[in-house]
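The values are calculated or read from the model by the stated rules, or taken from the named source; none is laboratory data. The shown structure was predicted, so the numbers you read here are calculated from the model rather than taken from an experiment. Every residue, glycine as well, gets a Cβ built from its backbone with ideal geometry; the counts of neighbours run over all protein chains shown. Areas reflect the complete protein model, heavy atoms only, side chains present, ligands, DNA and RNA absent. Shrake-Rupley method; radii C 1.70, N 1.55, O 1.52, S 1.80 Å.
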Amino acid sequence: MISAAKASPFHISTWFSPFLGHEQEVKHLCALMKSSDTRLFTLTGTGGVGKTRLALKVAEELQEAFADGVYFVPLASVSDPTLVLPTVAQVFELGEFGERKPLERMKAHIQEKHILLLLDNFEQVITAAPILVEVLVACPHVKMLVTSRETLRVHGEREYVVWPLPLPDPRHLPDCATLADYTAVQLFLQHAQAVKPDFQMTEENTRAIVELCIHLDGLPLAIELAARHIKLLSPQKLLTRIERRLPVLIGGTRDVSERQQSLRNTIKWSYDLLNLQEQRVFRRLSVFAGGCLLEAVEVICAAIDGTPANAVDSVMSLLDKHLIQSQAWVDDEPRLLMLETIREYAQECLEASGEADVARHAHTELYLALAEEAEPELRKAQQVAWLERLEQEHDNLRAVLHRLTVREDGEKRLRLCAALWRFWVLRGHLSEGSRWLERALTGSSEMAQARAKALEGAGRIAIYQSDLGRATGIFTELATLFQVLGDKRIAALSLNAIGYVQRHKGEYAAAQALFEQSIARYKEVQDRWGIAETLWLMSDRAYFQGDCGTALTLGQESLSIYKELGDKSNMPIVLLSLATILTFQGEYEQARILVEESIATSRELGDEQGFNYAYGLSILGRIAFYHGDCAKAYTLLQKSLKMFRELDIQRGIAHALGFLGHLTLYQRNSVAARTFLQEGLSRSMKLGDKWIVTLCLDGLGKVLAVQKQMGWAARLWGKSHTLREAITTHGRPIERVDYESSVSMVRATLGEKAFVIAWDEGRKMSLDEIWAALLSSIPYPAPQEQGEIVCCPAVSTCLDTQRPSAVEQIDELTAREREVMGLVALGLTDAQVAEKLIISTRTVNAHLRSIYNKLGVNSRSAAIYRATQHHLL
């Protein structure tokens, strides 16, 4: 057994069972203490009560290695360093009689013994550390294990840092089974079940549990205290109540010290041990969100104190005490981080000190200046470094934007958004950037220049998000500012943007005229960035009209200018445009090289999840298809589709769906092809993108030919042909695969007269009429009725292709389920369905699970097919 001081405020057994959270650390530390010549080990870190628990577990495991015992000395109630030795003496039951001093009596008592001495909470008596060295020098068989918020800083000491429990990346959460393996989650479950034995981790509450653990920084004490509330609150409800952590995290077990019964008391314990200067720096650090650099801390301190600040010593001390952490950054400059749980307490201290307003004002000015300094650099040679710096400071920039919104400081908010929009675009923060820009542009402003920059950003993001109507309105307003500012660049930019919209609508002649006006104005003011962008837009227009020679020449000229300027931000999209042209010409290897260069540049810019990356995967997918590697093509196109969906880029989604439809049809899976192509058609109709509409109509015509709907195949091709004539565009290789043979087959089957009649009917039909027919008049036939062969292994798993027999019965859908199914068939996401029906996304998910169960399927695609077969739409 481990011996303890008589004054111990708790039973040691409570710390041993249950023990969870640091099993690997226990094994490692035990092995280290057995094999190392070091005799003084100090456990430090922000693990809170976890350090004590770890130390006690290690001591328990090592009992047999110390013939004369393991002794535990709790020092939480000791604040006078001179009382350390008397407290240790109590463990050995050494009386205070006699002439010898306590140190001499202790040396004499344990000098020849093999002992492990565990001293807990040494941080408040840290000046007594030299006495420990004296004991170790005099007692060669004694080892010590000390828990402390900071190292003892004495000779012979070895530090072992106890970090918070590991947590998953909240941006990329793994599956439920993997999440359940995280120790933080297991710790939560263990303590939740202690107060509510029937509590289980389910599909519905897993994410909430994980978010709770992340929100609490993986601190064992915080997780344990939170889990006790499961007796009253579900994880989802608890998550909504725990935005402010400290008021909720109270009520620990009574057999631990008072400071460990609430998280605030635990942190206060450490704060009270700081000197006055350390306390000042600690609370001022709370103004930063997501960390900061040392220089930024000194700026805040100087703003409050009115004199230049040197915070190095205080920061070093806070690092030693693990109240903050350091993280390597660019050029090895350390970044200072504070756990959010600790930061909340520091913010309370900042408010109480009366320094909060001055600190927040200085914080705002600091990051507004950073953003405005970075803005012009984002188009220059050092743009990668500046993008990385803004990404590192993104949480601070968000905090400033939020503060300016609350305080209704519209001028500074507009300036900040105007400076940040290019960063938001290049790093894929499109939705967030759009929201901030929309708020900043609300209302009037006297700052015409800043408003012009913000309008440019909002308009470009609207184009990326395929919201061409909004983009047109924004750039039309931007054009009016030319009258105020007299800046020809603004006029040229507006012409380009409106021309881009016209190109997507298939109005190629109008687009070209606007581009020519734009490039003339850019040349007048010698704006090479503007010239390069316009050349790319003109190249894009030429390609869509089949003039690949002109398109290549203009695209290469644009790329050359960007390279001369050292502006990598626009190179990926130009490279992809050139790759697309080469793909059309059959130069697949050259196209692949350009795509890989584009992807490498995107990675260098720190954008591996953005539009250019997704578009590049799409091109590689098409190249793989043309080389006959359908499995690879399918994988790449699906990954591209997934990224476009995550980014909510509607044009990209429709684009990828169209190509997937043609690919899966080529592999003779017409059911999968129809599902992809119908969703692609639905989205492209909403976008008004006639080229993608023709891509999908051509594919659907071939699908219907396979499915023996010959008349409808001819109608769809007739409509597609009419649209192509209107927009003077051409077909891509993937669209033309089997096209001529399919048309010939349908013509022969129907007969020339019937074929021409159907073709002409299609030419006259509206897209809405065709869409309605696809949903109601043209059923999905079962694969076995068509004799389909699924050749591509990747395709065979893309959806549930099992179909009901003619006599198979399914459970009837409720009226609400029919509504949900109808919207899903139109291509709406769960969130869009929820918005349409004025219900929560969670409720939509519940309806879909019920629908899948009733229809006997496990995917949207299969559900659409079954619902169509049974006339449920």
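At-a-glance table
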| quantity | calculated |
| --- | --- |
| Residues that are open to solvent by less than 10 Å² (accessible area, probe 1.4 Å) and either at pLDDT below 90 or not hydroxyl-bearing (Ser, Thr, Tyr) (or both), drawn from segment 625-642 | 633, 637, 641 |
| Total residues in segment 327-382, condition surrounded by 15 or more Cβ atoms within 10 Å (Cβ to Cβ), of a type in the set (D, E, K, R) and either over 25 Å from the mean Cα position of the chain (by Cα) or under 23 Å from residue 567 (Cβ atoms) (or both) | 7 |
| Matching residues in segment 535-549 - criterion: being assigned to a helix (DSSP H, G or I) and either under 33 Å from the mean Cα position of the chain (by Cα) or surrounded by fewer than 16 Cβ atoms within 10 Å (Cβ to Cβ) (or both) | 536, 537, 540, 549 |
| So residue 511, is it part of a helix (DSSP H, G or I) and open to solvent by less than 10 Å² (accessible area, probe 1.4 Å) | yes |
| Unique residue being open to solvent by less than 30 Å² (accessible area, probe 1.4 Å) and either modelled with pLDDT of 90 or more or in a helix (DSSP H, G or I) (or both) when the list is 735, 725, 761 | 735 |
| Test: residue in segment 281-292 that is outside any loop (DSSP other than H, G, I, E, B) and loosely packed, with under 15 Cβ neighbours inside 10 Å | no |
| Elements of type helices (runs of 4 or more DSSP H) contained in segment 609-700, each with 2 or more residues being farther than 22 Å from residue 863 by Cβ and among the basic types (Lys, Arg) | 630-647 |
| Tally, over segment 764-788, of residues that are surrounded by fewer than 17 Cβ atoms within 10 Å (Cβ to Cβ), at pLDDT below 70 and among the hydroxyl-bearing types (Ser, Thr, Tyr) | 0 |
| Filter result (without any contact (Cβ under 8 Å) to a residue 40 or more places away in the chain and either under 11 Å from residue 436 (Cα atoms) or surrounded by fewer than 16 Cβ atoms within 10 Å (Cβ to Cβ) (or both)) within segment 392-403 | 401, 402 |
| Single unsatisfied condition, residue 38 versus (1) modelled with pLDDT of 90 or more; (2) under 39 Å from the mean Cα position of the chain (by Cα); (3) assigned to a loop (DSSP other than H, G, I, E, B) | (2) |
| Scan of segment 589-608 for residues that are outside any helix (DSSP H, G or I) and open to solvent by less than 10 Å² (accessible area, probe 1.4 Å), ordered by number | 605 |
| Where residue 716 falls short, out of the listed (1) aliphatic (A, V, I, L, M); (2) buried (at least 18 other Cβ atoms within 10 Å of the Cβ); (3) closer than 26 Å to residue 628 by Cβ | (3) |
| Single condition residue 406 does not satisfy, out of (1) touching an Asp or Glu at 6+ places or on another chain (Cβ under 9 Å); (2) more than 25 Å from residue 482 (Cβ to Cβ); (3) of a type in the set (A, V, I, L, M); (4) open to solvent by 30 Å² or more (accessible area, probe 1.4 Å) | (1) |
| Where residue 577 falls short, out of the listed (1) of a type in the set (Gly, Ala, Ser); (2) surrounded by fewer than 16 Cβ atoms within 10 Å (Cβ to Cβ); (3) in contact with an Asp or Glu (Cβ under 8 Å, 6 or more places away or on another chain) | (2) |
| Tally of residues being open to solvent by less than 30 Å² (accessible area, probe 1.4 Å) and within 24 Å of residue 57 (Cα to Cα) across segment 144-180 | 12 |
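One line per residue, one yes/no per condition, for (1) open to solvent by less than 30 Å² (accessible area, probe 1.4 Å); (2) among the basic types (Lys, Arg); (3) modelled with pLDDT under 75; (4) within 18 Å of residue 776 (Cβ to Cβ):
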{"site": "814", "(1), (2), (3), (4)": "no, no, no, no"}
{"site": "822", "(1), (2), (3), (4)": "yes, no, no, yes"}
{"site": "825", "(1), (2), (3), (4)": "yes, no, yes, yes"}
{"site": "831", "(1), (2), (3), (4)": "no, no, no, no"}
{"site": "836", "(1), (2), (3), (4)": "no, yes, yes, no"}
{"site": "840", "(1), (2), (3), (4)": "no, no, yes, no"}
{"site": "843", "(1), (2), (3), (4)": "no, no, no, no"}
{"site": "848", "(1), (2), (3), (4)": "yes, no, no, no"}
{"site": "851", "(1), (2), (3), (4)": "yes, no, no, no"}
